[in-house]
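A short reminder: the numbers here are calculations on the coordinates, not readings from a lab. What you see is a predicted model, and the numbers here were worked out from it, not measured in a lab. Ideal geometry is used to build each Cβ from the backbone, glycine not excepted, and the neighbour counts take in all protein chains shown.
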Amino acid sequence: MPTALAIAAFSPSVLLDVATTVRAADLRDWDIRTVPATSSPQVFGDLADGAVDAALTSPDNVLLYAGPADNPLGRMLDLVVPVTVDRGLDLSLWARPGLGALVDLDAPVLAVDVTASGYALAAFALLAQRGWTRDRLNVVSLGATPKRRAALIAGACDLTILNAGNELLAHAQGATRIASVDELGPYLGSVLCRSAHLDGERAGGVAAVGQALTATASEILAGEHDDLVTASAQRLLGLAPALADAYLTVLRSPAAGLVGDGRADPAAVRTLVDLRGASDLRRGVDVLSAAGIH
């Protein structure tokens, strides 16, 4: 019987879905289960406690939880990043339907995962470039990206940062793009991460998943698996066929799409470090820098 392997994810992963299909033989020893993530403290607490085996998460979370002990868990974690996955998948700042000029608002409500997350820091930076410093914002923590998109469309917040197909759905539902993360420099959007203390068998399973993700990403970038990708985007993300085609274009974007070799671009890591602005991130940088070289 295959061994269960739990992978936390903030949004359903089309890449993981396609990889488990095209590399079923390589992953036959593993029953890979995706666990919906509600927040980064929950995910990294679960990684540390062994409630999940790995997570598809922002590399900024690696900087945060592998580094300073003033993170939301109050402790440094020993983490491993087998591979990097994507460059943000069109991570961008969006305004709710019907919102006029930001200048007309007193204190716009910005929804984030948690205020210490990398996506929140990117949102703060993009708004600061437009004159909206953090003290002028009403920041609320609403959890994972799909939940924040729903809140934006419902008018429960004025602004949020979206990616991974959620931005396509938001646009189709009347939201307005305000800015894109590529304004901040090269970016790294998600990585596969596990605890360094995961037992050897399960660590081997996570490594196998990482290899499958990288190999499949390389093939998608080379023009393969179009039908599998678009079908998965329709099923997992609820995208109409035209939006699923747009999602495939995002996956193949040199600036925002998939990482074909699993390695971390040093310039993208530098962008993350600059956004976080802390002085004691070397431990997390070392973890990210080792991605894809084992």
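Here are some notes:
- Summary of the geometry: the stretch 239-294 and the stretch 177-192, compared by the centres of their Cα atoms, lie 8 Å apart.
- Residues THR145, THR21 arranged by fewest to most Cβ contacts within 10 Å: THR21, THR145
- When the chain is treated as a GNM with alpha-carbon contacts under 10 Å, the residue of LEU77, LEU137, LEU237 showing the greatest mean-square fluctuation is LEU137.
- Taking the Cα centre of the chain as origin and assigning +1 to Lys and Arg Cβ atoms and -1 to Asp and Glu Cβ atoms, the resulting dipole is close to 440 debye.
- Sorting 213-221, 268-276, 58-66 by their mean Cβ neighbour count within 10 Å, with the most densely packed peptide first, gives 58-66, 213-221, 268-276.
- Distance between the C-alpha centres of the stretch 1-47 and the stretch 64-102: 19 Å, rounded to the whole angstrom.
- Protection proxy ranking for 24-34, 89-99, using the average of other Cβ atoms within 10 Å per residue and placing the highest first: 89-99, 24-34.
- Residues considered: ASP70, ASP226, ASP261. Largest GNM mean-square fluctuation over the chain, using C-alpha springs under 10 Å, is found at ASP70.
- Listed residue (LEU236, VAL112, ALA208) projecting farthest to the positive dipole end of the chain, Cβ model: VAL112
- Coarse-grained scattering of the stretch 198-294 at q = 0.13, 0.14, 0.15 Å⁻¹, given as base-10 log I(q)/I(0) from a Debye sum over alpha-carbon atoms: -0.63, -0.71, -0.79
- Computed over the stretch 92-184, the P(r) curve from all C-alpha pair distances, binned at 5 Å from the origin, holds 3, 16, 30, 29, 19, 4, 0 percent per bin.
- Segment GLN173-ALA242, length gained on full extension (0.36 nm per residue, minus Cα span): 23.4 nm
- Here r is the Cβ-Cβ distance between SER289 and ASP49 and R0 is 30 Å; the resulting FRET efficiency, rounded to 0.05, is 0.70.
- In the stretch 25-165, the DSSP beta bridges split such that about 40 percent are antiparallel, to the nearest 5.
- Among beta bridges that DSSP assigns inside the chain, antiparallel share in %, nearest 5: 50
- Placing pseudo-labels 7 Å out from each Cα toward the beta carbon at ASP29 and ALA154 gives an inter-label distance of 4.4 nm.
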